[in-house]
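Nothing in this text is a laboratory measurement; each read-out follows from the coordinates by a stated rule. Everything quoted here is computed from the prediction, not taken from an experiment. All Cβ positions, even for glycine, are placed from backbone atoms using ideal geometry, and neighbour counts span all protein chains on display.
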Amino acid sequence: MISACQTPNDPGKLRPSVLALRFIPAQYLETDALGGDFLVTEDQRDVGTAAIRGLELGLEATAAAVRGSCMKGFTLIELVVTVAIVAVLASVALPFNELIVQRSKEQDLRRGLREMRDAIDAYKQASDEGRLQKRAGESGYPKKLEDLVAGVEDQKNPKKERIYFLRRLPRDPFAIDAALGPAETWGKRSYASPPEDPREGDDVFDVFTRSTLVGINGRPLKEW
């Protein structure tokens with residue numbers, strides 16, 4: 001027999017870490033702007049909530065058993081069974097936390113792609129307006145991503161002041177090699193390459209992640 005009289009008899013003292021898991025930010029249930037699907041489905045949310053609720057009930061049952069055992073005690077088998085149940089429920093809740101981490105990275109990816117594509121389009125528009133120096137045969141798109149940050153001279157400005165299209169280059173959140181610069185983490189498609197076979201070339205028409213992972217919405221990340 002194991003004495004439990006020195007164990008806190010307030011179940012609330014056993015639950016702060018579990019209650020903290022119940023805080024799931026509202027943005028994790030937003031609609032995917034690119035895919036049009038909910039990134040966290042109702043079923044996924046219900047599974048995570050049920051698992052966390054199961055953890056709470058398991059701890060409450062353990063606390064109740066501890067309170068009742070101060071007079072009569074409890075067996076080691078009872079304790080082992082209770083801990084095993086809590087461990088199984090925790091193994092269900094952990095994948096839900098991994099889903100939240102994945103969702104956060106996908107938000108960063110979506111934001112980075114949008115910023116760079118908007119900057120590339122602005123560069124092209126400035127070129128079409130004659131504000132940037134453009135040679136015959138050139139597409140008018142930036143030759144490299146760094147040009148969006150470094151800026152180019154405004155040909156219509158008497159002082160030749162530079163036009164800037166991006167404050168800084170975002171980094172691909174799914175890039176693994178920390179030694180690469182922000183521009184090197186992205187895949188690049190030139191204007192001359194087809195969409196089904198994007199390749200680098202004389203300019204940068206589009207960008208995409210090099211990751212081979214599939215997004216929560218079921219679409220490969222490199223197709224975003």
Checklist entry - Which pairs, out of LYS105/LYS222; LYS160/LYS188; LYS156/LYS188, put more than 20 Å between their alpha-carbon atoms? => result LYS160/LYS188; LYS156/LYS188
Checklist entry - In the P(r) worked out for segment 63-207, what percent of Cα pairs fall beyond 25 Å? => result 52
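If I stretch the segment between TYR164 and ALA84 completely, what's the gain in nm (0.36 nm per residue apart, minus their alpha carbon distance), one decimal? Walk me through the numbers on the way to the answer.
Working: separation 80, 0.36 × 80 = 28.80 nm, distance 5.94 nm.
Here the segment from TYR164 to ALA84 would lengthen by 22.9 nm.
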Checklist entry - Hey, how much of the P(r) for segment 184-224 falls beyond 16 Å, as a percent of Cα pairs? => result 36
Next on the checklist: Using square roots of five times the C-alpha gyration tensor eigenvalues, list the equivalent-ellipsoid semi-axes of segment 154-224 in whole Å, biggest first.
Outcome noted: 29, 17, 11
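How about segment 107-187: which GluC sites (Glu not before Pro) there are in a DSSP loop, with at most 12 other Cβ atoms within 10 Å of their Cβ? List each step's numbers first, then the result.
Numbers: sites: GLU115, GLU129, GLU138, GLU146, GLU153, GLU161, GLU184; in loops: GLU129, GLU138, GLU161.
Answer in residue order: GLU129, GLU161.
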Item to check | Bins of 10 Å from zero: percent of alpha-carbon pairs in segment 74-157 | outcome: 14, 25, 15, 12, 10, 9, 8, 5, 2
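Suppose R0 equals 30 Å; then what is the FRET efficiency for ALA122 and LEU180 from their Cβ-Cβ distance, rounded to the nearest 0.05? Show your work: numbers first, answer last.
Values: r = 25 Å, r/R0 = 0.84.
Calculated value: 0.75.
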